[in-house]
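Some notes on the structure that comes next.
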Amino acid sequence: MDAEQLKETWKNEEDIAHIHGWDFSHIHGRYTEEDALPWNFREVIQRYRKDSMKLLDMETGGGEFLLSLDHPKENTAAIEGYPPNVELCREVLLPLGIDFKEANGGDRLPFPDGDFDIVTNRHGDYDAAELRRVLRTDGLFLTQQVGAENDRELVRLLLPHIIEAPYPKHYLAVKKAELLDHGFEVLESGEAHQPIRFFDVGALVWFARIIKWEFPGFSVESSLEQLYRAQELLEKTGVIEGSIHRFYIVARKKR
């Protein structure tokens, strides 16, 4: 394709970029990510989870990950604050008997003190003081987080003027110390950097429009020269590669 055809293709990806729940199926096969973390967060949760526990899933997206845990619905609660996902959760989770409430993870949680045995959080915000409040004594908090260095090579490729990461304190050591300061003990944890690879520039355009907090102000028009350079890189090497940054923590509320 010539330059104008490439631009038209990328503009189309920009125009259709939207997400339902946390569904990246639109670029399935056009990129790979997070295929080989040293841990499997779902398996980590399942080692600690018991059906008798009352469980809260924070920033649940569309509830996809939560439902994969197969926890008894009568013992399950969830929160989500992103409006399109809130509507999805109301349609999907409430009819199942899950106690869903609209809230953001960093806000005061809409539940009583000591209400939960276990709180799960995959890539969502949280407040350590609120976790301590809603967990029972010896209650568990399990989180997998996106680290501060996530996708930074890709951001520099498309938006070279963006210097500071959106979440500069998102490192395992920082978040562990925060939980320790709020009366938790850390039972296990891990941190990793793994490759993320794009096999066409259009998929990267779609991705950058979805992950707006990492690619602030990105558009095809404003980053057109950078996109042409990305296309040259792709044609030379067959891939556009960056790295993801992930960490996880399992913590217990101490007496």
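The values are calculated or read from the model by the stated rules, or taken from the named source; none is laboratory data. This is a predicted model, so every value here is computed, not measured. Every residue, glycine as well, gets a Cβ built from its backbone with ideal geometry; the counts of neighbours run over all protein chains shown.
If only residues of segment 22-60 that are closer than 28 Å to P83 by Cα and hydrophobic (A, V, I, L, M, F, W, C) are counted, the one that is surrounded by the fewest Cβ atoms within 10 Å (Cβ to Cβ) is F24. The set of residues in segment 171-201 being over 24 Å from A36 (Cα atoms) and either surrounded by 17 or more Cβ atoms within 10 Å (Cβ to Cβ) or of a type outside the set (A, V, I, L, M) (or both) consists of E178, L179, D181, H182, G183, F184, E185. The single condition among (1) part of a loop (DSSP other than H, G, I, E, B); (2) among the acidic types (D, E); (3) buried (at least 19 other Cβ atoms within 10 Å of the Cβ) that D117 does not satisfy is (1).
It is to be established whether one or more residues within segment 202-225 are over 23 Å from H18 (Cβ atoms) and without any contact (Cβ under 8 Å) to a residue 40 or more places away in the chain. So far as segment 202-225 goes, yes, one or more of its residues are over 23 Å from H18 (Cβ atoms) and without any contact (Cβ under 8 Å) to a residue 40 or more places away in the chain. Go over the candidates E74, E64, E80 one by one and state the one that is closer than 27 Å to D113 by Cβ, within 14 Å of the chain's Cα centre (by Cα) and not hydrophobic (A, V, I, L, M, F, W, C). Going through E74, E64, E80 in turn, the sole match is E80.
Within the set A165, A203, A208, the sole residue that is hydrophobic (A, V, I, L, M, F, W, C), under 25 Å from G61 (Cβ atoms) and not in a helix (DSSP H, G or I) turns out to be A165. A search for C-beta distances below 8 Å between a residue of segment 67-91 that is among the charged types (D, E, K, R) and any residue that is exposed (fewer than 13 other Cβ atoms within 10 Å of the Cβ) and modelled with pLDDT of 95 or more, counting only pairs 6+ apart in sequence or on different chains, returns K73/L96; K73/G97; E74/G97. The set of residues in segment 155-170 being free of Cβ contacts under 8 Å to residues at least 60 places away in the same chain, under 23 Å from Y228 (Cβ atoms), surrounded by 11 or more Cβ atoms within 10 Å (Cβ to Cβ) and among the aliphatic types (A, V, I, L, M) consists of I162 alone. For segment 127-151, residues that are out of contact with any Gly (no Cβ under 7 Å at 6 or more places or on another chain) and of a type in the set (K, R) total 1.
Filter segment 73-111 for residues that are among the charged types (D, E, K, R), touching a helix residue (DSSP H, G or I) at 6+ places or on another chain (Cβ under 7 Å) and part of a strand (DSSP E or B) and give the result.
Quick first cut of segment 73-111, residues among the charged types (D, E, K, R) only: 73-74, 80, 87, 90-91, 99, 101-102, 107-108.
Filter once more, keeping what is touching a helix residue (DSSP H, G or I) at 6+ places or on another chain (Cβ under 7 Å): 73, 80, 102, 108.
The answer is E80, E102.
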